Every structure is written in structure tokens, then in C-alpha cells.
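The values are calculated or read from the model by the stated rules, or taken from the named source; none is laboratory data. It should be emphasised that the depicted structure is a prediction, and the values quoted were computed from it without experimental measurement. In this analysis, Cβ positions are derived from the backbone assuming ideal geometry, glycine residues included, and neighbour counts consider all displayed protein chains. Ligands, DNA and RNA are stripped out before the accessible areas are found, and what is left, the full protein with its side chains, is counted by its heavy atoms. Shrake-Rupley method; radii C 1.70, N 1.55, O 1.52, S 1.80 Å.
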Amino acid sequence: MKSQIILCSGGARSGKSEFAERLALATEGRKAYVATGQAFDDEMVDRIKKHQERRGNIWTNFEIPLYLAEEWQHISSVADVILIDCLTMFTTNHMMAHGSIQGQEDANRLEDTVLSELEALLNLIKASDDKIVIFVTNEIGLGIVPDNKLARYFRDIAGRVNRTVATEADKLYLTISGVTIELKSQEVHING
């Protein structure tokens with residue numbers, strides 16, 4: 001059986017991570033939790049700690065902020081159901097590792113780097129058998145246009161990251177205010 005890709009999206013504190021965890025726990029197989037967040041301040045240390053406490057010891061845990069494709073073999077060797085939380089932090093980590101973004105050329109280079117890494121991971125997942133991979137991401141493009149260039153670059157890159165995974169996903173869930181709906185089956189295709 002080919003592997004399945006699931007994307008769980010929603011706003012901050014919408015309940016998307018909790019939904020993704022329940023979905024993974026309701027699925028047969030060994031579980032892995034891949035956390036992409038990094039603690040650079042006390043608030044993030046606390047946030048990571050709360051996430052770890054909520055997960056308990058059911059999961060094999062990985063902390064991989066950047067190079068998910070490089071770690072795929074190891075992750076997939078110990079788990080059948082893999083939750084990656086989250087693509088937004090993955091994008092943020094690449095942005096921070098990239099250094100200063102002075103203009104569109106730097107932003108394009110960053111986007112190419114992030115999408116290249118993500119596409120390598122998606123190809124590895126699709127080449128695997130019997131894996132269920134659940135991605136979590138933030139839907140950040142629904143608000144106002146940010147007032148600064150860096151935030152606009154981030155919003156645009158994160159949107160393309162989400163779209164790349166959504167295109168490959170077998171299922172796409174959106175959580176708003178704790179209510180989750182499945183969207184992929186509702187997708188409209190227009191030819192021409």
C-alpha cells in the first residue's frame with residue numbers, strides 16, 4: 001500500500017495540532033512525533049514543554065528543525081504513523097538560518113531552499129510503503145497584508161510551502177475555533 005499524506009491546517013490556537021495528534025493516535029501503527037520548533041526564548045521553552053507533556057510517552061520523539069529529508073530513513077524505520085508539527089516553524093527555521101533577507105533575490109533563494117528540502121521529503125514519503133504522514137501547518141495568509149517586507153516574504157513562502165504539501169496530500173483538514181472539516185474531497189478542478 002502506498003503511503004498517505006495528510007495536511008492539517010488552521011490558525012494559531014485553533015486546535016489543529018490536537019486534532020492531528022488524535023488522528024494519528026486513532027491510526028494503527030507505531031507513532032513518531034517530529035517537532036520542528038526551536039526554543040530561543042522562555043515562552044517557546046514553555047510552549048515546547050506543554051506540547052511534550054500533552055503527547056506523553058506513546059510517541060518516538062524527534063526534534064528536527066531543518067533537514068527533514070535527511071532524517072526520513074531513520075524516522076520511517078521506527079514508525080508507521082508520523083506526525084510533523086509544524087511546517088510553519090520549519091519555514092521559520094530556514095528563514096533564520098538563511099540570514100539577512102535584503103530583497104526579492106534573497107527571498108527567492110530562501111524559498112527555493114525551503115521548497116527543495118520539502119519536495120525531497122515528499123518524494124521520499126511517496127516512495128515509501130505503508131506510512132501515514134500527517135503535517136501540521138498554520139494558515140497565515142487569511143489576515144491583513146503585513147506592514148513590513150520581511151513579514152510579507154515569510155507569509156508568501158509559508159503559503160507556497162502549504163500549497164506544495166496540500167497538492168500532494170490525500171486529505172486536507174482545516175481547523176477553525178476547534179472545529180475541523182475535511183477539504184480535499186471538496187476540491188474543485190477546472191480544466192483549460
task = For M96, indicate whether it is crowded, with 18+ Cβ neighbours inside 10 Å and part of a helix (DSSP H, G or I).
result = no
Of the residues in segment 174-192 that are assigned to a loop (DSSP other than H, G, I, E, B) and without any contact (Cβ under 8 Å) to a residue 40 or more places away in the chain, the one that is least open to solvent (accessible area, probe 1.4 Å) is L183
When restricted to E168, E111, E105, the only residue modelled with pLDDT of 95 or more, of a type outside the set (K, R) and either closer than 26 Å to F62 by Cβ or open to solvent by 30 Å² or more (accessible area, probe 1.4 Å) (or both) is E168
Taking first residues from segment 159-173 that are farther than 18 Å from G11 by Cβ and second residues anywhere that are in a helix (DSSP H, G or I) and open to solvent by less than 20 Å² (accessible area, probe 1.4 Å), the pairs with Cβ under 7 Å that are 6 or more apart or on different chains are T164/L118; E168/L122
Listed by first then second residue, the pairs whose first member lies in segment 64-79 and is among the β-branched types (V, I, T), whose partner is assigned to a helix (DSSP H, G or I) and open to solvent by 20 Å² or more (accessible area, probe 1.4 Å), with beta carbons under 6 Å and at least 6 positions apart or on separate chains, are I64/E71
Okay, strands (runs of 3 or more DSSP E) sitting entirely in segment 1-80 with 2 or more residues that are open to solvent by less than 20 Å² (accessible area, probe 1.4 Å) and either under 16 Å from I132 (Cα atoms) or at pLDDT 95 or above (or both), I get 4-10, 31-35
Of (1) of a type in the set (V, I, T); (2) loosely packed, with under 13 Cβ neighbours inside 10 Å; (3) within 12 Å of the chain's Cα centre (by Cα), V136 satisfies every one except (2)
